[in-house]
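One structure is given here, and the rest of the page talks about it.
The values are calculated or read from the model by the stated rules, or taken from the named source; none is laboratory data. Given the structure is predicted, the values throughout are model-derived calculations rather than measurements. As a convention, Cβ positions derive from the backbone with ideal geometry for all residues, glycine included, and neighbour counts pool all protein chains shown.
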Amino acid sequence: MTPSMRNEISTIFEQVLGRPVSITDDTDIVEDLGMDSLGVMNFVMAIEDFYDLSIPLDRVAQIQTVADLIRAVEDLKIGNAA
Amino acid sequence: MTILAKHAGYRQAYDALLAHGVDPLNVQFDSVLSPTEGVLNGQTTILLGTNNYLGLTFDPDCIEKAVQATREQGTGTTGSRVANGTYNGHTELEKAVADFYGRKHAMVFSTGYQANLGVLSTLVGRGDHLMLDADSHASIYDGSRLGMAEVIRFRHNNPDDLYKRLRRLEGVPGDRMIVVEGIYSMLGDTAPLKEFAAVKRETGAYLLVDEAHSLGVLGETGRGLAEAEGVEGDVDFIVGTFSKSLGSVGGFCVSDAADFDIMRIVCRPYMFTASLPPGVVASTIEALKKLRAEPALRASLMRNAKRLYDGLSAMGFQTGPEANPIVAVTMPDQETAVVFWKLLLESGLYLNLALPPATPTNACLLRTSVSAAHTTQQIDRALDIFADVGRRLGFLPSDRRRAAGAL
Ligand SMILES: Cc1ncc(COP(=O)(O)O)c(C=O)c1O
């Protein structure tokens, strides 16, 4: 991932969780960050706002790690530009 | 370890609940006496959480029709309408529902849950876009997974968020279908339907409203939120259930779509399950007649709802945003919610304990639903029990009393 995207996502995590987090590509969003389903939803919506896209629910279901999330956002951004 | 070990997380949470000596997900009634009373552990208990909005479950005419139809046509249809055929009652019920809504077409399903599975998996397909309110009922989420459309979730009751998401789809092919509910089942809040209708018109989307909790409850003639908000012309599909205000079981969808009937040979949750039994059909037809002929039922329902809502609010309980027949009291935490619920039950008041993840915003709720059949005395008794338990648990902010109805 690009360092800037990692920073952006990390900031959004911190806003949603209300505490500092440190993330890598392999960070598991539910397991490592202790998010419940409502937390995940709020986080996904914040990501969607920031990158101005919607992540369809089947895509959300496939996202486990930060790397998965970044791939989804990048795919959708490319899709939107095309 | 068995194959079910994967649900260990739920097991743990459930065991924690059971440790309080209660099983809120499996309350055992000795008997049910009327729309508003049951017997629990030998104690007569007020039912304040059964969605029996018009109190028609014991209506003598509905019972008589059900008995008569059962005698004449048997206890069940033993199969789907595709396989075992349509009975007169099915057609009569569909005509009655279509006529009530002033729509060309109605289709009846075996439950409201299946109605949502059916329409959401059939009206949209691959390449289409299903826009769901984030707080949608489980049957809407499940229906969205049964079909092939892309599913996008928007913020609860937020037409701007919906609009933003539809705008992002500009230029993308495929139909768009917006799905909202009339009254949301947990907090009793209604959808801002006028605003959603405006978004629908501007973006060329279709609009479906699930009126499960608003049929017979809202609107001049009881058709629901779309009627109350004066936007029926913008609503393409209405889904609902017979299991609440009509006191039976079954679901439906109504529409003016010209080719609606194609659903009968492509909609799997309609085709591959047994149709409603004659007795259920007959009591539902009769209950719909009552709903139409007796607007006084709706007036009693709303009077009771307001009395309960105002009473609880005045005591300082945190209630939902609107005085609807669903009145939810937000508890500070799960522990308090469970203990509070248990004490209510022991005092002879039954309602729903609603806990995360089944609730919006992870709230712990004491969820009530009021009936037209409740007497003023029953509502006042319920309020007394709430006040008593609130005092016993020492968290009723009774000195911050607000005048009833001030909110
Ligand atoms: C919004 C909503 N839709 C659908 C249903 C399902 O209705 P039924 O009980 O007929 O399956 C319910 C009730 O459980 C509901 O609250």
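Couple of notes before you dig in:
- For residue B:290, the requirement of being out of contact with any Ser or Thr (no Cβ under 8 Å at 6 or more places or on another chain), within 11 Å of the ligand (Cβ to nearest atom) and not hydroxyl-bearing (Ser, Thr, Tyr) is not met.
- From the list A:38, A:76, A:53, the one residue that fits, being touching a Gly at 6+ places or on another chain (Cβ under 9 Å), within 11 Å of another protein chain (Cβ to nearest Cβ) and within 22 Å of residue B:130 (Cα to Cα), is A:53.
- Failed criterion for residue B:182 (all others in (1) in contact with an Asp or Glu (Cβ under 8 Å, 6 or more places away or on another chain); (2) within 16 Å of the ligand (Cβ to nearest atom); (3) free of Cβ contacts under 8 Å to residues at least 40 places away in the same chain hold): (3)
- Exclusive hit being among the aromatic types (Phe, Trp, Tyr) and more than 24 Å from residue B:160 (Cβ to Cβ), set A:13, A:43, A:50: A:13
- Applying the criterion of at least 1 residues that are away from the ligand (no atom under 11 Å from the Cβ), in contact with a Phe, Trp or Tyr (Cβ under 9 Å, 6 or more places away or on another chain) and farther than 23 Å from residue B:136 by Cα to the helices (runs of 4 or more DSSP H) found wholly in region B:212-277 leaves B:263-266.
- Elements of the type helices (runs of 4 or more DSSP H) sitting completely within chain A and holding at least 1 residues that are in contact (Cβ under 8 Å) with a residue 60 or more places away in the chain: these cover A:3-17, A:66-81.
- The numbered conditions (1) buried (at least 23 other Cβ atoms within 10 Å of the Cβ); (2) out of contact with any Cys (no Cβ under 8 Å at 6 or more places or on another chain) are all true for residue B:272 except (1).
- Note on region A:51-82: residues that are small (Gly, Ala, Ser) and at pLDDT 90 or above amount to 4.
- Members of region B:147-162 that are crowded, with 16+ Cβ neighbours inside 10 Å and out of contact with any strand residue (DSSP E or B) (no Cβ under 9 Å at 6 or more places or on another chain): B:159
- Residue check: residue B:133 meets all listed conditions (1) surrounded by fewer than 22 Cβ atoms within 10 Å (Cβ to Cβ); (2) within 16 Å of the ligand (Cβ to nearest atom); (3) of a type in the set (Asp, Glu) but one, namely (1).
- Some residue of region B:350-359 being under 19 Å from the mean Cα position of the chain (by Cα), surrounded by fewer than 17 Cβ atoms within 10 Å (Cβ to Cβ) and within 30 Å of residue B:43 (Cβ to Cβ): yes
- Scanning region B:185-211 for residues that are within 18 Å of the chain's Cα centre (by Cα), free of Cβ contacts under 8 Å to residues at least 60 places away in the same chain, crowded, with 23+ Cβ neighbours inside 10 Å and outside any helix (DSSP H, G or I) yields B:191, B:209, B:211.
- Region B:313-327, residues that are out of contact with any Ser or Thr (no Cβ under 7 Å at 6 or more places or on another chain) and of a type in the set (A, V, I, L, M): B:314, B:323
- Test: residue B:164 is away from the ligand (no atom under 16 Å from the Cβ), more than 21 Å from residue B:99 (Cα to Cα) and within 13 Å of chain A (Cβ to nearest Cβ): yes
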